[in-house]
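Everything on this sheet refers to the single structure shown next.
The values are calculated or read from the model by the stated rules, or taken from the named source; none is laboratory data. Everything quoted here is computed from the prediction, not taken from an experiment. Here the Cβ is made from the backbone with ideal geometry for all residues, glycine too, and neighbour counts use every protein chain on show.
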Amino acid sequence: MNKNSKRREALLYHAKPTPGKIQVVPTKKYATQRDLSLAYSPGVAEPCLEIAKDVNNVYKYTAKGNLVAVITNGTAVLGLGDIGPEASKPVMEGKGLLFKIFADIDVFDIEIGTKDIEEFIQTVKNIAPTFGGINLEDIKAPESFEIERRLVEELNIPVMHDDQHGTAIISSAALINALELAGKKAEDVKMVVSGAGSAALACADLYVLLGVKIENILMFNSKGVLTKDNPSLSVMQLKYAKDIKPVSLEEALVGADIFLGLSSGDIMSPQMLLGMADNPIVFAMANPDPEIDYNLAIATRKDIIMATGRSDHPNQVNNVLGFPYIFRGALDVRATKINEAMKMAAVKALALLAKESVPEQVNIAYGATKLGFGRDYIIPKPFDPRLITIVAPAVAKAAMDSGVALNPITDWNKYEEELLDRLGNDNKMVRLITNRAKMDPKRIVFAEADNLDVLKAAQIVLEEGIGHPILLGNKEIIVELKEEIGFDADLEIIDPKIKEEDARRNRFATTYWESRKRKGISLYDAEKLMRERNYFAAMMVNEGEADAVVTGHSRSYSSVVKPMLQLIEKAPGASIVATTNMMMTARGPMFLSDTAININPSADDLAKIAIMTAKTARMFGVEPVIAMVSFSNFGSSNDDNATKVRQAVAYLHEHHPDLVIDGEVQADFALNPEMLKEKFPFSKLAGKKVNTLIFPNLDSANITYKLLKELNKIDSIGPIMLGMGKPVHIFQLGASVEEMVNMAAIAVIDAQEKEKKKQISGSL
């Protein structure tokens, strides 16, 4: 994508359909006059009076306890500098979004129009009663230090400047584990720091608490090594200044054990790296380009332990590992501040988590066979679902132990359950899917690439590194549309109808005829069909000229699925083809089957659909808990539709006893574990959170998923094809660009899985 197209895409994202990225939504009923009289006058007077009696009741009756202010004056925004409070607002909204999706914390972003320290502090103090915590953001140093110090001292709610402490906390966790792997002790190491801003100083301060000696730290700013005779240094910088003659970065690195970079890209040469001690620890965290390129660094030193700020390399120091869960723990015990004990608790929790067995979901997300503690895994991954249940409780306990918690937690098991419930509010599945696809992108045929939306989807797939698109359709139209949207990548464009494709088309036709000549297909018929793009695309996958195909945006599902079923064999062991839709609900991802193929499946079909859906759920790191839904509950009706569901369940209980599945059961009981446990305690689903629904027929499945999608504005990925021997996936008619991108990622993952199975079977 050219620069202008990327700019346009970013602007459209923030402007449409609603300006901005966050909103306020009601949490109480408001349908009736009675509801409104409770929400406002006269009912609202009662909690007001209770708070007036005891101010602590504000946490009981209002949203204060889960509300954080993200506050800036716009003086140090990302890499943009002093751009002003209004221009900083998109960044602050973005921080609010991260708080919500990772820790279910609500945020108001506050942009303050002053550079005066005292005015800023007083403004924050005056609005503090609204909030349960304060996250300071993008305020330039050294003012940021004073602002944070004062607010921490003068307010009785948690305050943290994430730019300073976030990087410090995450990199400290990485340092603990890096030192262990290097066989070194903190008190013995020599450290060189490139950068002397707020983040670098905060990192150094925390490293000192871990045992690194101040006298063993050499710190550089853009002018060179910090020396005591430099009058321009701040008080905090003077702490690390040395009474020495100026030395170069290269000279300082000779024999150094640790390099911490929070400065600018490509300032460290291979020669400098070679001069460091054995098992050097290099945290090159300048963004977007590290102080030394990751690939160059590991090629230069095989014994290096390296971390960067980038997601495309191992050991990403990402602040999202820290601030959502630190504030979560602080808010949940009503901490009056975020102190050093709480920060250190987060550090140690993160360090220990990296040593534990990694859930399969995380392995899947990062395309790894098995992540494990070592040089390429010294800190947890941002998508690790355990972070909220590990870091938040550690911070909460530290707040209690250090005497700053006003609402101590007594039931830690219950607290962990509450934290897990919060995960349902964030659907990380799309990010997991995309990330996994990027690990090993595949060749994807977009069979309708002469459609503008399809072409836009292909553009995103390429630019995000999800896959390598092959564009199928009218070549002239595709070229014209590419120019229109600024899609200047040199990709293969194939028009099945043009003369240049005669040889390939005839070859495909012959192959197809050979496989179908005893099923009523003539060679002439085959040659004619190969001019049709879906037949041509399917043959490309069959013949190994592409890894996957996505199609169906402009045609009915039945007309598109027909050629795929005719040309592509079922997967080994599969006797039926079905589909599932992955719905991104508030309770987490839900799998609904069969949404597109089997009109009235038999009991045997339903059992097979359930097994295939379970395998698909596991492919995405979700352990299936399956309800076979019906209008009947456990034999309450002997209707044929209920009976076949009951028969399918009986078969699965007998032949697949490890599968958590039950039915027939009504949908409300299936989705309400407490109600199910009360009425049907014998059920395998009692007390469990169902994440997969198998429907008795196509009517009920298709209607349900489309109602959910439209009425509740729930994102849907699918229909995902089950039981096909090749990665073929069909869009719903009129699918959005986003839906098509997600389906392309699914197609890539499907291709990855099929390739893996082929390799395994080939090695046996």
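Points to keep in mind about this one:
- Subset of region 92-123 [closer than 22 Å to VAL25 by Cβ and assigned to a helix (DSSP H, G or I)]: MET92, GLU93, GLY94, LYS95, GLY96, LEU97, LEU98, PHE99, LYS100, ILE101, PHE102, ALA103
- Region 229-245 - residue that is basic (Lys, Arg) and surrounded by 15 or more Cβ atoms within 10 Å (Cβ to Cβ) and, of those, nearest to ALA196 (Cα to Cα): LYS239
- Of residues in region 295-311 being in a helix (DSSP H, G or I) and of a type in the set (S, T, N, Q), the one farthest from LEU274 (Cα to Cα): ASN295
- The listed residues are ASN4, ASN66, and the only one of them that is surrounded by fewer than 11 Cβ atoms within 10 Å (Cβ to Cβ) and out of contact with any Lys or Arg (no Cβ under 8 Å at 6 or more places or on another chain) turns out to be ASN4.
- Hits in region 490-499 (condition: more than 15 Å from ILE470 (Cβ to Cβ), under 45 Å from the mean Cα position of the chain (by Cα) and either assigned to a helix (DSSP H, G or I) or among the β-branched types (Val, Ile, Thr) (or both)): ILE498
- Checking each residue of region 260-270 against the condition of being over 23 Å from SER144 (Cβ atoms), crowded, with 17+ Cβ neighbours inside 10 Å and touching a helix residue (DSSP H, G or I) at 6+ places or on another chain (Cβ under 6 Å) gives no match.
- None of ARG301, ARG328, ARG334 is among the charged types (D, E, K, R) and under 21 Å from the mean Cα position of the chain (by Cα) except ARG328.
- Filtering ARG328, ARG310 for residues that are of a type outside the set (Asp, Glu), in contact with a helix residue (DSSP H, G or I) (Cβ under 9 Å, 6 or more places away or on another chain) and not assigned by TED's automatic domain parsing to the domain that holds ALA199 leaves a single hit, ARG328.
- Restricting region 663-698 to residues that are touching a strand residue (DSSP E or B) at 6+ places or on another chain (Cβ under 8 Å) and among the polar types (S, T, N, Q) leaves a set whose member that is surrounded by the most Cβ atoms within 10 Å (Cβ to Cβ) is THR692.
- Some residue of region 40-51 being exposed (fewer than 14 other Cβ atoms within 10 Å of the Cβ) and closer than 27 Å to PRO324 by Cβ: no
- Listed conditions (1) of a type in the set (Gly, Ala, Ser); (2) over 24 Å from the mean Cα position of the chain (by Cα); (3) in the same structural domain as ASP658 (by TED's automatic domain parsing) are all met by GLY734, apart from (3).
- When ALA351, ALA346, ALA277 are checked against the criterion of being part of a helix (DSSP H, G or I), surrounded by fewer than 24 Cβ atoms within 10 Å (Cβ to Cβ) and at pLDDT 95 or above, ALA351 stands alone in meeting it.
- With respect to the conditions (1) touching a His at 6+ places or on another chain (Cβ under 8 Å); (2) in a loop (DSSP other than H, G, I, E, B); (3) hydrophobic (A, V, I, L, M, F, W, C), ILE379 falls short on a single one, namely (1).
- Restricting attention to region 388-403 and to residues that are surrounded by fewer than 24 Cβ atoms within 10 Å (Cβ to Cβ) and among the β-branched types (Val, Ile, Thr), the residue that is nearest to LEU423 (Cα to Cα) turns out to be ILE388.
- Set VAL748, VAL690: member being hydrophobic (A, V, I, L, M, F, W, C) and part of a helix (DSSP H, G or I): VAL748
- Some residue of region 549-566 being within 35 Å of the chain's Cα centre (by Cα), closer than 21 Å to GLY467 by Cβ and surrounded by fewer than 16 Cβ atoms within 10 Å (Cβ to Cβ): no
- Every condition in (1) under 23 Å from LYS726 (Cα atoms); (2) crowded, with 18+ Cβ neighbours inside 10 Å; (3) of a type outside the set (Ser, Thr, Tyr) is met by LEU481 except one, and the failing one is (1).
Conditions tested, residue by residue: (1) outside any helix (DSSP H, G or I); (2) at pLDDT 85 or above; (3) more than 22 Å from VAL748 (Cα to Cα).
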{"site": "TYR512", "(1), (2), (3)": "no, no, yes"}
{"site": "ILE521", "(1), (2), (3)": "yes, no, yes"}
{"site": "ASP525", "(1), (2), (3)": "no, no, yes"}
{"site": "VAL549", "(1), (2), (3)": "yes, yes, no"}
{"site": "HIS553", "(1), (2), (3)": "yes, yes, no"}
{"site": "SER558", "(1), (2), (3)": "no, no, yes"}
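- Leading residue by the ranking (surrounded by the most Cβ atoms within 10 Å (Cβ to Cβ)) among those in region 312-343 that are of a type in the set (Gly, Ala, Ser) and not in a loop (DSSP other than H, G, I, E, B): GLY329
- Looking only at region 629-686, residues that are of a type outside the set (Gly, Ala, Ser) and part of a helix (DSSP H, G or I) come to 23 in all.
- Taking region 129-226 and the strands (runs of 3 or more DSSP E) fully enclosed by it, the elements with 2 or more residues that are closer than 27 Å to ASP82 by Cα and of a type outside the set (Gly, Ala, Ser) are at 133-136, 159-161, 217-221.
- Selected residue (only one of ALA701, ALA745 is within 20 Å of VAL629 (Cβ to Cβ), among the small types (Gly, Ala, Ser) and either crowded, with 23+ Cβ neighbours inside 10 Å or not assigned by TED's automatic domain parsing to the domain that holds ARG436 (or both)): ALA701
- Residue list for region 113-138, filter: of a type outside the set (S, T, N, Q), more than 20 Å from PHE99 (Cβ to Cβ) and surrounded by 14 or more Cβ atoms within 10 Å (Cβ to Cβ): LYS115, ILE117, PHE120, ILE121, LYS125
- So ILE444, is it outside any helix (DSSP H, G or I), surrounded by 20 or more Cβ atoms within 10 Å (Cβ to Cβ), modelled with pLDDT of 90 or more and more than 21 Å from the chain's Cα centre (by Cα): yes
- The residues in region 673-686 that are at pLDDT 90 or above and under 30 Å from the mean Cα position of the chain (by Cα) can be counted, and the count is 1.
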